[in-house]
Amino acid sequence: MSKEKKDREPLFSIKNRRLLTNPLNKDNPITVQVLGICSALAVTAKLKPSFVMTLSVIFVMAMANVVISLLRNGVPPRIRIIVQLVVIASLVIIVDQFLKAFVFDVSKQLSVFVGLIITNCIIMGRLEAFAMSNKPWPAFLDGVGNAMGYGWILIVVGFFRELFGSGTLWGYQVVPEGFYNFGYEDNGFFILPPMALILVGIIIWFQRAKNRDLIEES
Amino acid sequence: MKGLRKFIDKIKPQFEKGGRFEKLHSTFEAFETFLFVPNTVTKKGSHIRDAMDMKRTMAIVVLAMVPPLLFGIWNVGYQHYLANAMQPDFWPMVWYGFLKVFPIIVVSYVTGLAIEFAFAQSRGHEVNEGFLVSGMLIPLVMPPDVPLWMVAVATAFAVIIGKEVFGGTGMNILNPALTARAFLFFAYPRHMSGDDVWIAGMPDQLPDGVTGATPLGEALAGKTEGMAHIMEPGYVWDMFWGGIPGSIGETSVIAILLGAIVLLITGIGSWRIMLSVLVGSISMGLIFNAIGATPYMQVPFWQHLIMGGFAFGLVYMATDPVTASQTQRGKYIYGFLIGFIAILIRVFNPGYPEGMMLAILLMNVFAPLIDYYVLEGNIKKRLKRVNHAVESAK
């Protein structure tokens, strides 16, 4: 009896909690592993699409990780990639239909990038690296953790790009009218994708200044 | 002078290690070496001993920028009064231009130097002199009516993102002054392009025969009248001496040539780069002349050299020793491609009238790659020679 209890891990053991928190900072998919950059540049011109994109990726990644983890012993290694793709693609179609039904305007803004979640390297990477060799519950946590690590970067970048690029947040005007009368203008550069790259670079800069062990030795 | 030296020597200990203002050491050091030739000598390794340290180099570059600056100040006034159909004397024009240009210079220097000092202080570096040049280049590539806060934002962006994140002066990939200009160009296009920004205090109604468009703007519009206008001999002469609308320092080719002479005689600007930029642009111009499919392609190749910011970029931007290629053969490739691409962008891209800025920034990015392959090629050639010698010795 006691032996059995020892074997069973609590749901939020330290190891499991790390699965959730590590990707937020030290193992961040965007700023440390530099994956998923493409969509991070493309959808972050406004806060709302960044947020919706984050939710979509969290859903796809968590569910895909669980499904693949459940299938992991039954999938022949030779066709595992195509199986993973089928699972991700089905989930993405569900998300896409859902967005079209309930938030059509955002779905139009995100355009192809919802479909392109299929090719998001973070998802494939986590399926290969984690879900294929772990139980469903840790795989679920890992999926949520990585998607949130991806998501908070998107939201931060989207926040600054919308604030400085359009003077709005979530579509509402936040820069007061008086500023414009004084000659302030929205910065067109923030609307363009290169600025997202620069903002991600600044986040990486801050992150490394805080965590010295992230700096590679050359 | 002696009193100043004494004063500095007196307060010096307080800024040394353990002194009261130890934290402000780099600020103090910057001012001391700015005022007096430093009395420290290099202690390790082999060095060329020369009075030409970085501060003197930068001072000469700033000196070389004086002709376009002075001309620019006058021209801002000249264009303003021309557009308002007035004909004042020489000094009122200079005074008007001075009131427009001087604040831009002050804003650029104050913003940039404040950031440089802050970074040097926090990193414990010495304050570097590179910004003395960038701070002067930035006003020269601005339109005269640019809002001052935009200059400040662009300067801050250029110094932080263009320079400090890479490790400060000498480590930057992109030319800071061009980074500032490109930033403004993409951030606030309304103030950086079009026909309405190149004359200070432009009235709503221009008098007959006066246009707010730059030659590049006219050429880009592609209309036959505009094309005919920029090819008139009188207007070509205007483009050469500089009495046309444009960025503050870019209009007068004569003033820029004066600066180029200073840079070439002192050996600070690389003649290899200048020459190859010329060759590159002339060859692209000749190719376009040979095709001649659009009115813009028929603009004579030599006319491209005096239009827009080409001459200014050629003399002051492309030759920036930090961001250009370091190897001699690399300099030829680097320069040639700048000239080639600049004319290509000008003629083909309707969105960006000034190809020179984008071409130089693009080649700044490629300069390290060019150097790498030049070095590799050299190593291979020498290895071959060694192997050959070994073979024949057998």
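Overview of values
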read-out	value
Convex hull of the protein assembly as shown built on C-alpha atoms - directionally averaged projected area, nm²	43.7 nm²
Chain lengthening between B:Leu148 and B:Met231 when straightened (0.36 nm per residue, less Cα-Cα)	26.4 nm
Cα-projected label distance for B:Lys384 with B:Ile291, points at 7 Å along beta-carbon direction, nm	3.4 nm
Accessible area, probe 1.4 Å, largest first, for residues A:Ile30, B:Ile254, B:Ile11	B:Ile254, B:Ile11, A:Ile30
J(HN,Hα) series, the stretch B:239-254, from Karplus relation 6.51 cos²θ - 1.76 cosθ + 1.60, nearest Hz, glycine and proline x	4, 6, 7, x, x, 10, x, x, 4, 4, x, 8, 6, 8, 5, 4
The stretch B:255-394 - percent relative contact order, Cα under 8 Å, separation 6 or more	26 percent
The stretch B:314-373: C-alpha gyration tensor shape, a/c 1.5 cut-off, then a/b vs b/c	prolate
Proximal aspartates and glutamates to A:Lys100, defined as alpha-carbon separation beneath 13 angstrom and excluding residues fewer than eight positions away on the same chain	none
Spacing of the two label points (7 Å from each Cα toward its C-beta) at A:Gln173 and B:Phe348, in nm	4.3 nm
Gaussian network model of chain A, springs between alpha carbon atoms under 10 Å - residue of A:Ile153, A:Ile191, A:Ile81 with greatest fluctuation	A:Ile81
Rounded to 10°, Cα long-axis angle of helix A:193-210 versus longest principal axis of chain A	60 degrees
The stretch A:1-107: relative contact order in percent, alpha carbon pairs under 8 Å with at least 6 residues between	18 percent
Cα→Cβ-extended label distance, 7 Å offset, between A:Leu71 and B:Ser122, nm	4.9 nm
For chain A, radius of gyration divided by Kirkwood radius, i.e. Rg to Rh on alpha-carbons	1.05
Tail beyond 23 Å, pair distance distribution of the stretch B:269-394 (Cα, percent)	39 percent
Cα-based convex hull volume of the stretch A:106-188 per residue, rounded to whole Å³	116 Å³
Over the stretch A:35-217, relative contact order from alpha-carbon pairs under 8 Å, at least 6 apart, %	35 percent
Helix A:136-166 vs. chain A, principal-axis angle (Cα, 0 to 90°, nearest 10)	0 degrees
Per-residue SASA entry for B:Glu232, accessible area with 1.4 Å probe, Å² rounded to 10	90 Å²
Residues whose placed amide H lies under 5 Å from that of A:Leu169, excluding near-sequence neighbours	A:Val174
Largest-first ellipsoid semi-axes for chain B, taking √(5λ) over the Cα gyration tensor eigenvalues, angstrom	38, 32, 17
Interchain or long-range residues, amide H under 5 Å from A:Ile30's placed H	A:Leu35
28 Å Cα-Cα threshold exceeded, pairs from A:Lys15/A:Lys108; B:Lys2/B:Lys55; A:Lys108/A:Lys210; A:Lys26/A:Lys135	A:Lys15/A:Lys108; A:Lys108/A:Lys210
Computed FRET value (nearest 0.05) for B:Phe166 with B:Asp208, which takes r as the C-beta separation and R₀ as 45 Å	0.30
The stretch B:123-260 - Rg over Rh from alpha carbon coordinates, Kirkwood radius	1.05
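The values are calculated or read from the model by the stated rules, or taken from the named source; none is laboratory data. Just so it is clear, the structure is predicted and the values come from calculations on it, not from any experiment. Here Cβ is always computed from backbone atoms with ideal geometry, including for glycine, and neighbour counts include all displayed protein chains. The protein model used for the area step is the full one, side chains on, heavy atoms only, and it has no ligands, DNA or RNA in it. Shrake-Rupley method; radii C 1.70, N 1.55, O 1.52, S 1.80 Å.
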